[in-house]
Structures are given as structure tokens and as C-alpha cells.
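Step one of this worksheet: look at the structure below.
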Amino acid sequence: MSRTLVTGGTGFLGRHLVRALLARGTEVAILARPDSETAGLEEAEILRGDITSGEDVTYRYQVFNTGDT
């Protein structure tokens, strides 16, 4: 099974992308701001963080790659 990390997955286009990937059987994780609305995306793994923070992105990417939450 393939895995994809999506940034912007809670936005208008990102939600459509996430749902399309999930429908194809792709394992999806979303990098989402702490205050982002994630209703309707329960099938995806939600990784809370800020895309403008290099530390957040590095840590969340490592979590995504290892599967450790």
C-alpha cells in the first residue's frame, strides 16, 4: 500500500485530493494546523503542525515515515 503525506489537506482542494487518494486505497496523513477543521477526514491520519515551522515539518515527516504517533 502506498502512503502519502498531504499538506493543505484540510483546504478546499486538499480535501478533494485526500478523499480521492483514500478512495484509491492510499494511506493518507495530513499535516494540519492545530486549529484546522478535520471533520470528514477521519480516515486519514491527522498530524498537527505548522508548515512554516521547519521543526514541525521535520518531526511530523519522521512520524509519518516511521508510523510512530
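The values are calculated or read from the model by the stated rules, or taken from the named source; none is laboratory data. The structure displayed is predicted, hence computed values, not measured ones. Every residue, glycine among them, receives a Cβ derived from its backbone with ideal geometry; neighbour counts consider all protein chains shown. Just the protein is used for accessible areas: all its heavy atoms, side chains included, with ligands, DNA and RNA removed. Shrake-Rupley method; radii C 1.70, N 1.55, O 1.52, S 1.80 Å.
The table below lists the values:
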item	result
Computed over the chain, Kirkwood Rh from alpha-carbon pairs, angstrom	12.0
For Ile30, distant residues with modelled amide H under 5 Å away	Val6, Glu45, Ile46, Leu47
Estimated inter-spin distance, Ser2 and Ser53, nm [label 7 Å along Cα→Cβ]	3.0
For Ser36, residues with placed amide H under 5 Å, excluding near neighbours	none
Rounded Å value of the spacing that divides the Cα centres of the stretch 1-35 and the stretch 36-69	10
Average accessible area per residue (Å²) across the stretch 4-69 - probe 1.4 Å, nucleic acids and ligands excluded	64
Percent carbon-and-sulfur accessible area, the chain, ignoring ligands, DNA and RNA, probe 1.4 Å	52
